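**Student:** Encoded as structure tokens, here's the structure I'll be asking about.
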Amino acid sequence: MKAPSTADARKSLNEHVADKGMELYAKYGPQIGWKVLQSILLDRSQVRYPCEVAFTAEGLQEGEFAWARPKGEAPEQGFVIHVHPLFMTQLGMVPHLVLYHLVAVNYGDFATPDDAETFGAAALGMRKDEYYDIIVELADQLAGSGSA
């Protein structure tokens with residue numbers, strides 16, 4: 001029997017994250033704001049490992065809106081999703097940014113930006129291109145903000 005190719009594995013993961021995103025939307029949608037996001041982060045059927053959000057630019061590269069930092073060597077130790085402090089005043093948009101990074105929390109380094117977009121869009125009940133445009137608009141706010 002032929003082993004699945006990397007392309008097959010990537011396609012399978014993308015289909016899986018789409019299904020998980022739709023599952024999250026069915027459970028928590030259609031309005032996923034800051035308070036609902038807190039419930040999602042505690043739900044181990046949706047977020048595999050403990051996660052918390054911190055509004056800090058710690059570890060962010062220039063132009064990066066957020067990143068998921070492991071708290072230790074093992075994923076079971078949890079993650080801190082660092083969100084650029086600029087977004088503290090836009091709590092309604094923070095779920096868009098955090099959902100993008102939950103794919104890395106749940107699936108590690110094998111997950112791609114395409115998987116993150118697929119998951120985020122499905123979780124928020126929108127088209128992928130619509131979600132992508134929102135993410136780009138949010139990231140563009142960092143240009144000229146004078147920080148990472």
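**Student:** Rounded, prolate or oblate: which fits the chain, taking a ≥ b ≥ c as square roots of the Cα gyration tensor eigenvalues, rounded meaning a/c under 1.5, else prolate when a/b beats b/c?
**Tutor:** Rounded is the answer for the chain, as its axis ratio a/c remains below 1.5.
**Student:** Total Lys pairs in the chain closer than 17 Å by alpha-carbon, pairs eight or more apart in sequence or interchain only?
**Tutor:** 5
**Student:** Could you work out the helix-only [θ] at 222 nm for the chain, with each DSSP H run of four or more residues adding -39,500 (n - 2.57) and the total divided by the number of residues, to the nearest 500 deg cm²/dmol?
**Tutor:** -15500 deg cm²/dmol
**Student:** Let me ask something else about it. Please list, in chain and number order, the residues 5+ apart from I81 or on another chain whose amide H is under 5 Å from its amide H, with Hs placed from the backbone.
**Tutor:** Answer set, sorted by chain and number: E52, V53, A54, R69.
**Student:** In addition: Provide the per-residue ³J(HN,Hα) series for segment 7-23, in order, calculated from phi with Karplus coefficients 6.51, -1.76, 1.60 and θ = phi - 60°, each as a whole number of Hz, with x at glycine and proline positions.
**Tutor:** 4, 5, 5, 5, 4, 4, 5, 5, 5, 5, 5, 5, 4, 5, x, 5, 4
**Student:** A further question follows. Considering the dipole of segment 46-102 built from charges on the beta carbon (Lys and Arg +1, Asp and Glu -1) around the Cα centre, which of A57, A68, Q46 is farthest to its positive end?
**Tutor:** Q46
**Student:** By average Cβ neighbour count within 10 Å, what is the ranking of 46-53, 69-76, 30-37 from highest down?
**Tutor:** Going from most to least packed, we get 46-53, 30-37, 69-76.
**Student:** A follow-up question, please. Give me the percent relative contact order of the chain, please, defined on Cα pairs under 8 angstrom at least 6 residues apart.
**Tutor:** 28
Any read-out appearing in this document is the output of simple, stated calculations on the displayed coordinates, not a laboratory observation. All figures in this text were calculated on a predicted structure; none of them were measured in a lab. Using ideal geometry, Cβ is built from the backbone for each residue, glycine included, and neighbour counts are taken over all protein chains shown.
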